[in-house]
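The values are calculated or read from the model by the stated rules, or taken from the named source; none is laboratory data. Quick caveat: nothing in here was measured; it's all calculated off a predicted structure. Here the Cβ is made from the backbone with ideal geometry for all residues, glycine too, and neighbour counts use every protein chain on show.
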Amino acid sequence: MGSEREIIFSVGSAKDAIRQLSEVGVDVLIADIHLGTELSGADVARVAEEHNPGIGVVYLTSYDDPRLALGGAPVLLVKNSVYLVKQSIESGTELVEAIETVRNKKGGGLSTPATPLAKLTDRQMQTLALLAEGLSNKEIARKKGITEQSVAISINRISKALGVSQHLDRNQRVHLARVYLGK
């Protein structure tokens, strides 16, 4: 096919994308991680990969870490993919290169600069997301089915991993929430 590129379709919802992808063969899917619905762009990509195992996916998103888009939940990206953060793209050439990379079956997942949050496990990200929502240790423990003491230990480990110290002049939970929210 050379260097020809053609947009086959554009959709307004995850369900429409899944329907179209099951009916039309495409080489590359460009999707955001967060679609504002119960299905994520990662969900759409996995369904697309089931219908077309050779598909390449370019995740084009505003989230440095895909777990941020889904409330700290683990995100399974397809193998032949490139993850681009919109704010870090300096020219359209980067998007074209990402498309060509996955079209040539050379995608390898995340290609975004490591963020402090990348140091956290999926379970720690879930705890941090709940903390950022304003939940107490007791509420987090209830939601996750663990003890309050386990939550406190997890928050301390998250603080250490992110370099957030416990000072009297600053609220540790507020600072952690700010790190999570990218502020």
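Residue by residue, here is whether (1) at pLDDT 80 or above; (2) in contact with a Cys (Cβ under 7 Å, 6 or more places away or on another chain); (3) in a loop (DSSP other than H, G, I, E, B) holds:
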residue: T37; (1), (2), (3): no, no, yes
residue: A42; (1), (2), (3): yes, no, no
residue: A48; (1), (2), (3): yes, no, no
residue: L60; (1), (2), (3): yes, no, no
residue: V75; (1), (2), (3): no, no, yes
residue: P113; (1), (2), (3): no, no, yes
residue: A129; (1), (2), (3): yes, no, no
residue: G134; (1), (2), (3): yes, no, yes
residue: K138; (1), (2), (3): yes, no, no
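For segment 62-77, how many residues meet the condition of being surrounded by fewer than 23 Cβ atoms within 10 Å (Cβ to Cβ) and either in the same structural domain as I140 (by TED's automatic domain parsing) or of a type in the set (A, V, I, L, M, F, W, C) (or both)?
Number of matching residues: 6.
In the set L77, L60, L21, L95, which member is under 28 Å from L131 (Cβ atoms) and not acidic (D, E)? Walk me through it before giving the result.
Numbers: L60 fails: under 28 Å from L131 (Cβ atoms); L21 fails: under 28 Å from L131 (Cβ atoms); L95 fails: under 28 Å from L131 (Cβ atoms).
Testing whether each residue is under 28 Å from L131 (Cβ atoms) and not acidic (D, E) leaves just L77.
For the structure I just gave you, tell me whether A69 is within 30 Å of L131 (Cα to Cα) and out of contact with any Pro (no Cβ under 7 Å at 6 or more places or on another chain). Working first, answer last.
Working: within 30 Å of L131 (Cα to Cα): yes; out of contact with any Pro (no Cβ under 7 Å at 6 or more places or on another chain): yes.
Against the criterion (within 30 Å of L131 (Cα to Cα) and out of contact with any Pro (no Cβ under 7 Å at 6 or more places or on another chain)), A69 qualifies.
For L35, state whether it is without any contact (Cβ under 8 Å) to a residue 24 or more places away in the chain, within 28 Å of M125 (Cα to Cα) and hydrophobic (A, V, I, L, M, F, W, C). Give the steps one after another, and end with the answer.
On the way: without any contact (Cβ under 8 Å) to a residue 24 or more places away in the chain: yes; within 28 Å of M125 (Cα to Cα): yes; hydrophobic (A, V, I, L, M, F, W, C): yes.
Yes, satisfied.
For segment 12-46, what are the residues that are farther than 21 Å from N104 by Cα and over 20 Å from the mean Cα position of the chain (by Cα)?
If the condition is that a residue be farther than 21 Å from N104 by Cα and over 20 Å from the mean Cα position of the chain (by Cα), then D16, R19, Q20, S22, E23 are the ones that fit.
Taking segment 42-68, which residues are of a type in the set (A, V, I, L, M) and more than 24 Å from V96 (Cα to Cα)? Please lay out each step first, then the result.
First, pick out the residues of segment 42-68 that are of a type in the set (A, V, I, L, M): 42, 44-45, 47-48, 55, 57-58, 60, 68.
Within segment 42-68, just L68 meets the criteria.
Filter segment 1-30 for residues that are within 23 Å of V96 (Cβ to Cβ), surrounded by fewer than 13 Cβ atoms within 10 Å (Cβ to Cβ) and of a type in the set (D, E, K, R); which is modelled with the highest pLDDT?
First, pick out the residues of segment 1-30 that are within 23 Å of V96 (Cβ to Cβ): 1-11, 17, 20-21, 24-30.
Okay, now just the ones that are also surrounded by fewer than 13 Cβ atoms within 10 Å (Cβ to Cβ), so 1-10, 24-25.
Of the ones still in play, those that are also of a type in the set (D, E, K, R) are 4-6.
Numbers: E4: 70, R5: 70, E6: 75.
Only one residue tops the list, namely E6.
Failed condition for I33, given (1) part of a loop (DSSP other than H, G, I, E, B); (2) out of contact with any Phe, Trp or Tyr (no Cβ under 8 Å at 6 or more places or on another chain), with all others met?
(2)
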